[in-house]
1. Which whole-number percent of Cα pairs in the chain have a distance greater than 22 Å?
2. Sort region 83-175 into rounded, prolate or oblate with this rule: let a ≥ b ≥ c be the square roots of the eigenvalues of the Cα gyration tensor; rounded if a/c is under 1.5, and if a/c is not under 1.5, prolate when a/b is larger than b/c, oblate otherwise.
3. Report relative contact order for the chain in percent, whole number only (criteria: Cα-Cα under 8 Å, sequence separation at least 6).
4. With a ≥ b ≥ c taken as the square roots of the eigenvalues of the C-alpha gyration tensor of region 26-82, please select rounded if a/c is under 1.5 and otherwise prolate if a/b is larger than b/c or oblate if it is not?
5. For region 81-129, calculate the relative contact order in percent as a whole number, restricting contacts to Cα pairs under 8 Å that are 6 or more residues apart.
């Protein structure tokens with residue numbers, strides 16, 4: 001059975017979850033110097049740059065987060081490769097976004113993973129060939145376009161992100 005998604009209905013569902021109090025719990029437990037947070041709503045330049053939430057830290061730091069919510073539990077993360085196959089538009093996992101983290105939440109089990117965005121993109125780049133071959137491709141039918149994602153198992157993604165954050169070189173770097 002194919003389900004056709006409606007962008008506006010999906011956006012409304014996403015924004016309905018945006019003000020849930022558990023988001024603050026997630027960020028307080030993740031960032032030791034959490035001070036406050038603000039939500040970015042609507043069709044704004046910040047939203048298009050991958051910013052759903054701005055976290056303010058004591059001492060003046062700022063963290064930008066793109067929030068993803070799944071309403072069922074899975075053992076994978078859907079990395080959106082194409083937001084529209086018909087228009088050949090890159091999905092969030094392949095675009096140069098401003099966000100520092102992807103917050104990926106599963107509502108039924110009340111768990112959220114925070115993935116550093118740059119390392120996630122490097123992990124996808126490093127493992128593209130294997131993941132395209134080994135991971136399930138998930139296609140979401142929308143009105144007028146199809147979104148495609150790779151369903152990467154959570155431990156596989158976590159390991160690849162850890163590897164992407166480690167660099168070793170053979171000779172000393174120039175001073």
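No lab work stands behind these numbers, since they all come straight from the coordinates. Since this is a predicted model, take the numbers as computed values, not measurements.
1. Result: 49 percent of Cα pairs exceed 22 Å.
2. Prolate, because a/c is 1.5 or more and a/b exceeds b/c.
3. 21
4. oblate
5. Working: 45 pairs, mean separation 12.2, N = 49.
Dividing the mean separation by the residue count of region 81-129 yields 25 percent.
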